Amino acid sequence: MNKLIPILVLALGAISHAHGDGHENSWRGVDLDRQFGMQFEVCALNPGKTMADVEKLDKEASEQFRANGLELSLMRMTPMFRHGMPGDSKVSYINVVMGAIPAFGSGWDNWMASKSAQKLMAEAGEVATCNFKFARAINRMAKTDALDQTDNRLISMNWCAKRENISWDQLRAKHNAWQAAYEEGSSAMAWNIVLPRLGSGEVDADYMHMVSYANAKQLMANEEWVANEGGGAALGDYYSAYANCNGESIWNATYVHKHDG
């Protein structure tokens, strides 16, 4: 088996074999040996508004990140393969902010004190209604060279709940074994485990697998492994023995702002 199990293949972009800032395992200002922060802005377009209206604010958003010293990166995700039936489009897009946890503290304080940033927030509120969620993320696998080659991603998200007969140590050991077995041969670029933290009371799950692919070819290479190369059995074992998961959704993602620290 040379592909990473799909629910374990993901990411908002985080990472394992990285170098930067004098730390041998850091990427975009994040120490990948520590839990880091992910803020999800879950947004629904207001009546009469389109994604083009959202994108008109992107340049100003990036400028405000720089002007206010935010050591954070911002990526936008729009649906590709999503849950829900046609016509049921409660989520139009998700903005994902990533960085070290302390950077969110100083970043939010600077943002809230900035009149220009508050003006931008008001303009964004006229386009879409958003709910903010803060989570912690654990880097499991990343190919930073591949991540740095493109600003675009396909991101898989899969919310899971640990089965009652499985301990957290057993689940961690399972994830460790997968990481050791698949991180070199995986078709994915990155895999993070995301832990809901603030504003996440509606999440009926313990954690999320978040996996990044460079393109549809890589995504479908994993699907081919699941369908015809034995991956379905490994996936079935995880679902039946270790965790109850909602199933993967796939999102197109691209950077709005990159922190280069």
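Structural remarks
- Selected residue [crowded, with 21+ Cβ neighbours inside 10 Å and either farther than 24 Å from residue 156 by Cβ or modelled with pLDDT under 85 (or both)] from 52, 113, 14: 14
- Close pairs from the range 159-173: first touching a residue at least 40 places away in the same chain (Cβ under 8 Å), partner assigned to a helix (DSSP H, G or I) and hydrophobic (A, V, I, L, M, F, W, C), Cβ under 8 Å, at least 6 apart: 160/7; 162/168; 162/171; 163/241; 166/241
- In the range 229-247, the residues that are in contact (Cβ under 8 Å) with a residue 40 or more places away in the chain and buried (at least 17 other Cβ atoms within 10 Å of the Cβ) form Cβ pairs under 9 Å with partners that are part of a loop (DSSP other than H, G, I, E, B) and acidic (Asp, Glu), at six or more places apart or across chains, as follows: 243/206.
- Top-ranked residue of the range 149-185 - restricted to ones that are surrounded by fewer than 19 Cβ atoms within 10 Å (Cβ to Cβ) and among the basic types (Lys, Arg), ranked as farthest from residue 75 (Cα to Cα): 163
- Single residue of the range 46-71 satisfying the filter (among the polar types (S, T, N, Q) and part of a helix (DSSP H, G or I)) that is nearest to the chain's Cα centre (by Cα): 62
- Strands (runs of 3 or more DSSP E) wholly inside the range 90-200 that include at least 2 residues being over 30 Å from residue 46 (Cα atoms): 128-142, 152-162, 190-198
Residue-wise test of (1) under 30 Å from residue 65 (Cα atoms); (2) modelled with pLDDT under 90; (3) assigned to a loop (DSSP other than H, G, I, E, B).
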| site | (1), (2), (3) |
| --- | --- |
| 220 | no, no, no |
| 237 | no, yes, no |
| 247 | no, yes, yes |
| 254 | yes, no, no |
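The values are calculated or read from the model by the stated rules, or taken from the named source; none is laboratory data. In this text the structure is predicted, and so the values were computed from the model without any measurement. A quick note on method: Cβ atoms are made from the backbone with ideal geometry, for glycine too, and the neighbour counts reach across all protein chains shown.
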